[in-house]
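Remarks on the structure that follows.
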Amino acid sequence: MGTPPGRSVTSKVLALLDAFSPAEPALTLSELARRAGLPLPTAHRRVAELVAWGALERGADGRFRIGLRLWELGSLAPRGLGLRELALPVLEDLYEVTHENVQLAVRQDLELVFIERIAGRHAVPVLTRVGGRFALHATGVGLVLLAHAPDEVRERVLAAPLERYTRLTITDPARLRRHLAEARRVGYAVSDRQVTMDALSVAAPIWGPTGVTAAVSLVVAYDRADPLALAPLVQAAGRAISRALTGPRQ
């Protein structure tokens with residue numbers, strides 16, 4: 001596959017890194033070249049540089065994986081690092097009270113990114129992972145982040161096709177708009193079996209100096225979920241993290 005004219009070295013390197021995914025975290029050189037749209041010799045040179053720097057690692061099987069150097073750099077991202085460190089004691093307290101899955105997420109454009117997760121040993125299985133992305137319209141944290149997103153972001157999400165994960169996923173824009181307005185009114189959002197049919201999540205906003213900067217949630221088994229009982233716990237966690245971010249006036 002040829003390289004588009006004028007493509008920069010930076011774009012080639014980013015394309016190589018972007019070739020990896022949670023489903024396929026280990027790739028051969030040929031697979032990297034194909035996914036990045038690069039000639040094999042070009043991919044070989046760029047990959048060798050990435051390995052030498054530590055961005056990629058080559059395993060005994062000959063496949064390449066993301067290196068620890070990138071993890072070290074990623075941990076410095078201010079929205080993730082500072083927020084996670086401030087929030088973690090509160091997340092741990094929320095887990096100790098409930099022994100359910102606790103999640104912390106931020107919005108990145110039209111998706112959310114999970115930056116922390118505490119999994120309950122006997123809690124319902126969830127599809128999320130730290131560093132993973134998900135749509136905004138289905139999860140509890142996503143609904144909170146979307147409800148408090150700038151109007152332009154919310155309209156872009158509502159105008160796009162809304163993926164259906166279960167028969168209960170809200171995919172009608174008008175109904176979703178009402179759901180988001182209710183989340184803003186009551187101060188929390190409920191995702192009732194919208195991602196999987198065995199789980200319900202309750203989420204609350206985390207306020208920063210310029211508005212809602214993140215969301216915290218509990219994900220529990222549907223058959224033992226009581227949103228009205230869970231909401232005050234999640235809201236209290238959201239307020240505690242907000243105070244840690246903004247000071248005692250929040």
Q.
Of everything in region 152-183, what is within 11 Å of Leu136 (Cα to Cα) and either polar (S, T, N, Q) or in contact (Cβ under 8 Å) with a residue 40 or more places away in the chain (or both)? Give them in sequence order.
A. Val153, Val157
Q.
Please go through (1) more than 17 Å from the chain's Cα centre (by Cα); (2) surrounded by 13 or more Cβ atoms within 10 Å (Cβ to Cβ); (3) farther than 17 Å from His137 by Cα for Val186 and return the number of the only condition it doesn't satisfy.
A. (2)
Q: Would you please list the contacts, defined by Cβ atoms under 9 Å and residues six or more apart or on different chains, that run from a residue in region 127-148 that is under 12 Å from Glu111 (Cα atoms) and aromatic (Phe, Trp, Tyr) to a residue that is modelled with pLDDT of 85 or more and open to solvent by 10 Å² or more (accessible area, probe 1.4 Å)?
A: Phe134/Glu111; Phe134/Val113; Phe134/Val195
Q. If you go through region 16-39, how many residues are of a type in the set (A, V, I, L, M, F, W, C), under 21 Å from the mean Cα position of the chain (by Cα) and not in a loop (DSSP other than H, G, I, E, B)?
A. 1
Q: Inspect region 156-173 for any residue being under 22 Å from Leu230 (Cα atoms), modelled with pLDDT of 95 or more and of a type in the set (A, V, I, L, M, F, W, C) and give the result as yes or no.
A: yes
Q.
Cβ-Cβ distance below 6 Å, separation of 6 or more or different chains: which pairs start in region 97-109 with a residue that is touching a residue at least 12 places away in the same chain (Cβ under 8 Å) and closer than 16 Å to Ala221 by Cα and end on one that is open to solvent by 60 Å² or more (accessible area, probe 1.4 Å) and charged (D, E, K, R)?
A. Gln103/Arg117
Q. Has region 59-66 got any residue that is under 25 Å from the mean Cα position of the chain (by Cα), modelled with pLDDT under 90 and aromatic (Phe, Trp, Tyr)?
A. no
**Q.** Unmet requirement for Arg129, which otherwise passes all of (1) open to solvent by less than 40 Å² (accessible area, probe 1.4 Å); (2) at pLDDT below 95; (3) of a type outside the set (Gly, Ala, Ser)
**A.** (1)
Q | Tally of residues being part of a helix (DSSP H, G or I) and either more than 22 Å from Gly131 (Cβ to Cβ) or open to solvent by 60 Å² or more (accessible area, probe 1.4 Å) (or both) across region 48-73 | A | 9
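Listed here are the residues, each with its yes/no results for (1) surrounded by 23 or more Cβ atoms within 10 Å (Cβ to Cβ); (2) assigned to a strand (DSSP E or B); (3) among the β-branched types (Val, Ile, Thr).
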position: Leu143; (1), (2), (3): yes, no, no
position: Val195; (1), (2), (3): yes, no, yes
position: Ser201; (1), (2), (3): yes, yes, no
position: Ile206; (1), (2), (3): yes, yes, yes
position: Val212; (1), (2), (3): no, yes, yes
position: Ala215; (1), (2), (3): yes, yes, no
position: Ala229; (1), (2), (3): no, no, no
(Q) Exactly one condition in (1) open to solvent by 30 Å² or more (accessible area, probe 1.4 Å); (2) of a type in the set (Val, Ile, Thr); (3) assigned to a helix (DSSP H, G or I) is false for Val157; which is it? (A) (1)
(Q) Only one of Gly120, Gly131 is in a loop (DSSP other than H, G, I, E, B), touching a His at 6+ places or on another chain (Cβ under 7 Å) and not β-branched (Val, Ile, Thr). Can you tell me which? (A) Gly120
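The values are calculated or read from the model by the stated rules, or taken from the named source; none is laboratory data. Predicted, not measured: the structure shown is a model, and the values here were computed from it. Methodologically, a virtual Cβ is constructed for each residue, glycine included, from the backbone with ideal geometry; neighbour enumeration extends over all protein chains shown. These accessible areas exclude ligands, DNA and RNA; they are computed on the full protein's heavy atoms, side chains included. Shrake-Rupley method; radii C 1.70, N 1.55, O 1.52, S 1.80 Å.
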